[in-house]
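Each remark here refers to the structure printed beneath this line.
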Amino acid sequence: MKLFVLLVSILFVQLSFGTFVSEVTITPHENGCGNVYGAGYVIPINTCITLETGYYLTLNLNSEQTQMTLSYFKDNCSSDAIAWGGPYNLQQCTNFSFLNEPEYNVTITTGSSVPSGAIEVEYYYYSFYCSGPTYKKFYTNQYKDVQNHLYYMCYNDKPFVYNCPESFSSCEQTDLDGCHDDKSLLMPYRGKCLK
């Protein structure tokens, strides 16, 4: 009974003072703060996650939910942070980068707001099956990742990535649809096209 009263009290306080936010969306832009284009993320708040790059991080919002900071860790967020990122302002176009990654312009918003038509890839904790979601990465339709020679595309409501090592004229197609849990993957994932 005490637990029930505590949960109801927490819910009441949360509803009285604002909306509970569980994640943020990092939406990429091209040409400064122009069109939405590129690779973006939906990341849970106050949760230790590992990105496909292999390091761990937590994302935090200030009490006014107007700025975001990142803390980076070597192992499962159990030791002291090795680096920090931010603060980054929410609800406006800002320069952003993950640790040791190039900067690009993004808009950071609370909640999940992946653009329609994007290819969404959800990564999971548990190896060999798609369970225990961590975060989502999304790519605008027909996005060319020139640095990694990749091209992302939705075709007939199915997500594809094309690996184009020589040039974008000769590419190898990979279907991202459904659960991918190959033992060689760092993290299993599930891809889909958003309508």
What is the angle, in °, between the Cα long axis of helix 2-17 and the longest principal axis of the Cα atoms in the chain? Nearest 10 is fine, range 0 to 90.
70
Can you list residues whose amide H is under 5 Å from Ile82's amide H, if they're 5+ apart or on another chain and H is modeled 1.01 Å from N?
Tyr72, Phe73, Lys74
Let me check against my output: what whole-number percent is the relative contact order of the chain, with C-alpha pairs under 8 Å and at least 6 apart?
17
The list (1) 18.2, 65; (2) 22.7, 83; (3) 17.0, 53 gives values of Rg and Dmax of the Cα atoms in Å, and only one came from this structure; which label was calculated from it?
(1)
So for the chain, taking the charge dipole from beta-carbon charges (+1 Lys/Arg, -1 Asp/Glu), which of Ala81, Ser63, Val42 sits furthest toward the positive end?
Ser63
For Pro115, what is the net charge nearby, where nearby means another residue's Cβ is under 15 Å from its Cβ and Lys, Arg count +1, Asp, Glu -1?
+2
Would you kindly compute the Cα radius of gyration of the stretch 117-158 and its largest Cα-Cα separation (Dmax), both in Å?
12.4, 31
Derived scalar couplings ³J(HN,Hα) [the stretch 142-148; Karplus, 6.51 cos²θ - 1.76 cosθ + 1.60; whole Hz; x for Gly, Pro]
6, 6, 9, 8, 5, 4, 9
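Laboratory data are not the source of any read-out in this text; all were calculated from the coordinates shown. Everything numeric here is computed off the predicted structure, so don't read it as measured data. Quick reminder, even Gly has a Cβ in these numbers, built from the backbone with ideal geometry, and neighbours come from all protein chains shown.
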